[in-house]
Structure formats: structure tokens, C-alpha cells
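The values are calculated or read from the model by the stated rules, or taken from the named source; none is laboratory data. In this text, all values refer to a predicted model and were calculated from it rather than measured experimentally. Cβ: placed from backbone, ideal geometry, glycine included. Neighbour counts: every protein chain shown.
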Amino acid sequence: MAFFLFKFRKPAREVSSQDKESRHCQSATALKSACRNIFIFKQKQLMVAGEIIMKLIWEKRKKIKVFMVILLYLVLTAGAWAEEKKAHTLDEVVVTNKIKDKQISYTPEKTFIDVETYQSVGNVQNIGDIIKDQPIIDFRGASDLVPGDLVNGDDTLWMRGFGSNRFSTAIDGSDLRKSGGRNTLHIVDYSLLPTFLIEKIEILPGPHSALFPAKSIGGVVNLITKSPERHDTLKPDLTISTGYKSYNTQNHSIDVQGSASAFTYDLGSQKYSTDGYLRNAAADINTVFGRIGYILPSDGHIALTVFHTEANREIPVKNDPGLADFDSSRPVVEASSYMEWQNPEWDETATSFRLNFNQATPIGLLDLNAYYSEEKWKKLYLSKNSSGIYDASWETKWHQQGAKLQDTIRFSDNHVTTIGTDLTQCFDGSDIFQVSPASFKDEKRIEIISGFAQHRWQIVPVLTLTAGMRYEDVSIKVDNYCVGTGNMFITGKPRWIERNWNQWLPKSFLTYELDNIAPGLRDTSVSLGVSKIWKAPDWHGDYNPRGMPAGAWMEPEHGMGYDLVLSRRVVNDIQMKVNYAYYEINDYIAWNWDYAKYTPVSGNLVSPGMEYKDYLINLDKVIHHCVELQLSGHLMEDLSFYLGYAYQSFDNKGGEPAGETGLDNQAKHRVNAGLRYDLFKNTLLLLDYKYQDKQIAQKAEEIEPGEWVFTKIPMEAYHVFDFAVQQTFFQNWGMFKNGTIKLYINNLFDADYENLSGYPATDRTYGIALNFDL
């Protein structure tokens with residue numbers, strides 16, 4: 001009996017539904033022959049392995065951990081791959097859509113953005129500056145001058161109306177997560193994610209991938225890093241970017257890439273600073289990174305990456321004409337909770353270590369990502385009491401660690417299986433009350449153990465199914481200790497209330513190509529995603545909002561998500577993608593403090609043991625509707641465009657007051673559009689347009705430890721235009737290469753509108769950016 005050992009030269013990062021358009025198919029004959037032999041000679045062994053695994057899952061589903069099942073699968077099937085001495089080397093298989101834009105490309109399941117070639121009107125500081133141009137993303141920063149601003153501690157980017165507690169941001173498939181802070185989100189600070197090592201961005205709408213966490217209800221933003229590269233000479237590649245903008249905004253970066261034989265290195269540094277548009281809104285962010293790598297046989301690699309960021313960001317203060325200290329040179333701000341004399345600001349220090357291993361093996365393409373990261377935030381400000389002015393500053397620390405192991409087995413062009421497991425642990429501690437008992441430091445608050453299996457099957461040339469199963473086991477610790485009184489918040493419960501949930505999550509995405517039905521349906525496909533939704537209370541705002549032990553009473557969200565997608569090449573290279581999403585979410589977790597009856601405050605007696613039972617609540621049922629349109633291509637040879645439209649609504653079916661007020665604050669309509677015109681051979685004009693419908697934003701701001709101010713901010717609809725001229729003034733000039741200069745204007749027509757913190761949005765600004773290589 002013969003067997004085949006597979007040796008992959010390089011993994012394909014994406015497999016589209018349209019395999020027949022593969023750009024690298026030279027090895028198709030060898031691939032089909034090898035896979036045919038495997039199916040003939042090893043079909044019985046694989047079936048037996050599958051039966052054993054399913055039996056174990058069924059009989060021990062509440063006891064056995066999924067990573068053990070996956071390990072057993074690898075052991076049982078390893079014989080199918082390891083006995084033949086002969087090896088077949090496969091060329092890289094990269095399958096793409098028939099029409100692929102250089103900067104943005106679509107498949108029914110995903111959107112890809114090429115970071116290196118992406119043309120932005122401004123000078124990009126971080127990955128958020130790129131993805132916020134997509135209609136699926138809602139930018140909610142307090143100012144576009146302050147990256148990752150923490151004015152109200154909230155996320156700067158939302159996805160399909162969900163914050164980062166309901167969508168995932170990942171690096172090479174490994175989720176970025178921390179416990180989060182207080183009642184607000186800020187799980188991901190995008191200012192810590194510069195573009196240095198990012199090759200492309202993968203955006204997956206909806207909950208239909210088994211490879212990513214269960215919390216990915218809105219979808220996934222996956223940042224794919226550049227693989228370590230071998231250079232022909234010892235001379236490194238050097239890229240320099242510098243820019244200046246209104247309000248003394250500066251953005252300077254340099255990165256170096258090189259190698260010595262199979263050893264590679266990458267180094268980079270970025271400095272961003274601004275005086276800010278508002279009063280007391282300056283920011284200073286400094287980031288350095290380094291990566292060392294080694295290129296393994298078969299183009300695999302192992303690499304260690306280190307990032308370190310130090311960021312100081314001021315918090316805007318009141319600037320009211322009725323106040324004696326009014327500064328007429330700055331915009332009027334009435335929504336802030338701070339005065340000038342308090343000097344409020346957020347200071348942040350963050351460090352991360354990531355280890356990546358990628359290698360073809362006899363049992364498939366193995367990909368390991370392990371990480372450790374920590375963040376320390378200080379909120380600095382002065383306050384006043386009967387004794388006078390005092391320093392009210394406090395500090396929060398997070399650190400998190402985890403690993404994800406994934407194995408991709410390509411049985412044939414028509415069958416690709418991915419199995420894996422991942423572990424996440426999140427810790428936090430705080431000096432919020434300026435005390436530091438040992439038990440209050442570095443407590444493990446979240447642990448998530450996951451296993452997943454996903455198979456992509458091209459059933460017939462026009463029909464492709466991606467189906468998978470994900471298992472998650474989530475454990476949290478709810479802090480029940482009141483530092484101020486020394487008592488427990490909930491009577492009769494321990495200091496740490498431990499809770500645990502687990503769930504199996506089936507996922508599926510089916511694509512049918514309509515090419516053969518009629519000539520008019522050429523390059524057209526329809527897709528249907530059907531997947532289970534489930535999300536445990538796995539961030540700080542769910543289990544300890546405002547420090548209160550609401551997580552003692554919360555239950556996981558659950559439901560179903562449906563996406564219907566139409567993809568079509570309209571004419572020439574103009575590509576269209578329309579997505580309708582319908583999500584039914586039961587037990588939706590919502591803040592309820594305006595209507596809570598079990599909060600023990602003065603005049604409200606609560607039965608012992610029932611405290612904070614309805615501080616947060618599970619809404620009976622929430623229906624989410626979403627429509628997204630993406631259209632891009634060339635109107636003429638020298639004129640390209642993109643157009644994005646998004647509609648979304650949340651409908652609370654249970655009638656709870658918290659659902660009616662908490663969900664009805666989204667902008668229902670958003671439009672993103674842009675034109676790119678090659679005026680001359682080396683001259684490019686860029687024009688961007690953004691529209692957002694009116695909405696009511698809810699702002700939560702902690703002005704003292706444990707003391708919060710909640711504000712509802714009506715926001716009118718707005719239209720904003722940005723314009724740029726980019727000139728390539730040399731491609732090779734002595735030792736310099738690829739020199740470009742860009743002049744740009746943000747908010748071209750000086751529109752007046754408010755951001756989600758209730759502050760005036762930045763007025764018209766002017767900037768210049770210079771880039772070149774050495």
C-alpha cells in the first residue's frame with residue numbers, strides 16, 4: 001500500500017470560491033494524482049478516525065477539552081501522511097476573484113486590503129486609518145488628530161454597529177484581547193498597530209468562520225503580517241516617511257528590513273504628535289518595534305516580534321464662553337466633565353511579544369502564534385474636596401497571554417481542512433483607590449479554551465461549502481469586593497465569584513456561481529452564511545461594569561446569524577458586492593443602570609443577596625438588520641472609484657426600557673466613496689467623501705473613582721470631503737528610490753459637525769507627506 005508525503009513550498013493565505021481562476025496551477029497534475037492515491041488508500045483510516053472522534057465528543061463532551069480531540073485526530077490520521085518516502089513539492093496555490101483591484105479585492109466571504117499599495121488621502125498613522133474607509137466600519141474617535149484617543153475610554157472603531165466586545169481584531173488569526181476597562185470598551189487601541197509589518201488586511205463580515213472567537217458577531221478584522229524575506233545582498237531596505245499637518249501634527253517613521261543568509265531582521269520607529277484641535281487635546285505617541293526571524297526549509301519561518309509604545313494623550317476640557325478662563329482661540333466645548341485647572345490626560349505604556357512559527361509538515365501546514373502583552377494606563381488629573389485640591393490620579397494594568405495552533409491539510413484542490421486550538425488568558429489589576437493589596441493585583445479574570453475544525457469542499461465546480469465547528473470554554477472571575485467599605489457587594493457571595501460556560505458553535509458558508517445559468521450571469525455568485533451566535537460575558541464591562549459585580553447574574557448571548565451575499569462583475573473590472581445580514585440574538589447583554597431596582601443606594605433597600613441583580617440585564621431578543629454595498633473599479637483607464645453604503649438597525653423585541661434606549665443610538669445610514677485620477681503619468685488626484693446619518697450617542701465618563709457622568713449627545717447628519725494630490729518625483733535617484741510627495745486637505749469644505757464625545761469635530765486641516773526608500 002502506497003502513501004504520499006506532502007511538502008508545501010508556501011501556504012496559500014486565502015482560498016476563494018472561484019478556484020478555477022488560480023494564478024498558479026502548474027502543479028495541478030501532481031496535486032490531483034497525489035490526492036487521488038490518498039483517498040483510495042487511506043479513506044478507511046480517515047473514516048475510522050472521524051468515527052472515534054465523534055464518539056468521544058458525544059460521550060465526553062462536557063469533560064474532554066477540545067484540544068485533546070484535535071490532538072487525537074492528528075495522531076490517528078498521521079499515518080495517512082507519513083509513510084511514503086517519495087515527496088511532492090507543490091507550487092504556491094493562490095486563488096483569487098476574477099476581478100482583483102490592486103488595493104482592495106473581494107470574495108463572497110471576505111474583503112482584502114493591500115496595505116502597501118493602499119492610497120489614503122492623509123498620512124497613515126495606524127491600521128485604523130485604513131480600515132475606517134470601509135462601509136462596514138464605523139469610526140467613532142473623539143478626534144481624527146488623536147489616534148486611539150481615550151477621551152471617554154471607548155472604542156474608536158465599531159463593526160456593523162458592534163463594539164470590540166462583539167467583533168474581533170486579530171494578528172495572523174490570533175485574537176487581540178484584554179479584559180477591557182471599567183464599563184467602556186477600549187479592548188483594542190489601534191494607535192498601537194502601525195503599518196510596519198502588516199502586508200494585508202482581511203475583513204470577514206459576520207460570525208461565519210470557525211477559526212475566530214465566538215464573540216465575532218459583527219465579524220473579524222485580521223491583520224496578516226509580512227513573512228520574513230531573504231535578501232539578495234547584506235544591504236538592508238530602508239523606508240522613510242515624514243509628514244506635517246495643521247495644529248503642529250507630525251508623523252515620522254522609519255523602518256529597516258534585511259537578512260544575512262536565512263536570518264532576517266526588521267526594525268522600525270514611529271513618532272506621532274499633535275497639539276490637537278480642542279483645548280487641552282495634545283497627544284504624543286512613540287512606537288518602536290523589532291523582529292528577528294529564520295527562514296526554514298519549504299519557505300516556512302520562525303520569528304519573534306517585539307512592540308513597545310509610550311503614549312500621552314490629553315483629555316479635552318470645558319471651554320465655555322461663560323467661564324472666566326475661556327480661550328477664544330479654541331473651539332467651544334461644553335460636554336467635557338473637566339476644567340482646565342485639572343490638567344486631565346491618559347498616559348499609556350504598552351509592550352507585546354509575539355512568536356510565530358509556520359512550516360509544512362507531513363501532517364499539514366502548521367501555524368503557531370504565541371503572545372504575551374501588557375498595558376499600563378494612568379489617568380492623571382487633579383480634583384477638589386473640602387480640604388482643597390489633591391492628586392486624584394489612578395492606574396490600571398492589564399496583561400494577557402495566549403497561543404493558537406492551527407493545522408491546514410490540503411487533501412486536494414476540492415478539499416481543504418483546518419483544525420486547531422487556542423488559549424487566551426487575561427489578567428488585570430488597579431490602583432484606582434490608591435491602595436494595592438496583593439490580592440488586587442494581576443488577577444486572572446478571563447480564560448478561554450477553544451478548539452475548531454473547518455472544511456472547505458468544492459462540491460461541484462460551481463458550488464463550494466465551507467463548514468466548521470467551534471467549541472469554547474469560558475471562565476471568568478467577578479470581583480465582589482468593595483474597597484471603599486471593605487465589605488462584599490453581594491451579600492453571601494465570596495470575594496471572587498467564579499463562573500463558567502461552554503458551547504458548540506456550528507458555522508457554514510455556501511457559495512453558488514451562476515456563470516452557467518445564462519450569459520448575463522457570468523462572473524456572478526450568490527452566497528448564504530448560516531451560523532450559530534454565542535457570546536459569554538467575557539470582558540470587564542460585562543462582569544464588573546463600573547467595578548460592580550453584575551457578572552454574577554449575567555448569562556451568555558445566543559442566537560443565529562444569516563448573511564446573504566451577491567457578488568458580481570458589473571462591467572469591465574467594476575466589481576459589486578451586496579450583503580444583507582439578519583441576526584437574531586437572545587439574552588443580549590445591555591446596560592440597565594437607569595432602570596435598575598436592585599442597586600443599593602440611599603433610599604433603596606435591597607434584599608441581601610440580590611444586590612446588583614439588574615445592573616446589567618439580558619434583553620429577551622434583539623434583531624439586527626444590516627445591508628452593505630461595495631462597488632469599485634475603473635470608470636476610465638485613468639479613473640478608478642470605490643463606493644460603500646451601509647444600513648443597520650437594532651430592534652428590541654422584549655420591550656425592556658434599556659433595550660429601547662440603549663440600542664436606538666446607531667447611525668442608520670453611512671456612505672463612503674472615493675475617486676482616484678491619474679492626471680499625469682506621475683500625478684495622482686485623490687478625493688474621498690463620507691456621510692453619516694443623525695444619531696444619539698451615549699457617553700460614559702468617570703470623573704472620580706467610582707463616580708460616573710452619563711450624557712446623551714444628539715448628533716446631526718454630516719458630509720465630509722477630503723482631497724489630496726500625490727506626485728511621484730523620482731523612481732530611482734542615486735541611492736534614493738520611489739520618492740513621493742502628497743499635499744492634502746481634510747474636511748475640504750470646513751463642515752461643522754460633532755463627534756461621538758459631543759465635541760466639535762476637527763475643522764479644515766492641511767498636510768504634507770513625504771515618502772522614499774533607500
For residues that are at pLDDT below 90, touching a Lys or Arg at 6+ places or on another chain (Cβ under 9 Å) and of a type in the set (Val, Ile, Thr), scanning just the range 108-136, find the one that is farthest from Tyr562 (Cα to Cα). Thr117
Can you tell me which of (1) free of Cβ contacts under 8 Å to residues at least 60 places away in the same chain; (2) within 26 Å of Ala260 (Cβ to Cβ) is the one Ser329 doesn't meet? (2)
When every residue in the range 641-655 that is among the hydrophobic types (A, V, I, L, M, F, W, C) and closer than 29 Å to Ile589 by Cβ is compared, the one modelled with the lowest pLDDT is Phe650
Complete set of residues in the range 742-754 that are surrounded by 15 or more Cβ atoms within 10 Å (Cβ to Cβ) and either in a loop (DSSP other than H, G, I, E, B) or in contact (Cβ under 8 Å) with a residue 24 or more places away in the chain (or both): Lys742, Tyr744, Asn746, Asn747, Leu748, Tyr753, Glu754
Can you report the number of residues in the range 164-192 which are modelled with pLDDT of 85 or more and either in a loop (DSSP other than H, G, I, E, B) or farther than 23 Å from Asp114 by Cα (or both)? 8
If I filter the range 227-235 for residues that are within 30 Å of Gly206 (Cα to Cα) and in contact with a helix residue (DSSP H, G or I) (Cβ under 9 Å, 6 or more places away or on another chain), do I get at least one hit? yes
When every residue in the range 544-569 that is in a strand (DSSP E or B) and more than 26 Å from the chain's Cα centre (by Cα) is compared, the one nearest to Ile533 (Cα to Cα) is Arg568
Give the range 585-620 a look and list any residue that's assigned to a strand (DSSP E or B) and surrounded by 16 or more Cβ atoms within 10 Å (Cβ to Cβ), or say none. Ile585, Asn586, Asp587, Tyr588, Ile589, Ala590, Trp591, Leu616, Ile617, Asn618, Leu619
Specify the residue that is modelled with the highest pLDDT; the eligible residues are those in the range 381-399 that are out of contact with any Lys or Arg (no Cβ under 7 Å at 6 or more places or on another chain) and not in a strand (DSSP E or B). Tyr381
What about Ser525, is it crowded, with 17+ Cβ neighbours inside 10 Å, in contact with a strand residue (DSSP E or B) (Cβ under 6 Å, 6 or more places away or on another chain) and under 30 Å from Cys426 (Cβ atoms)? no
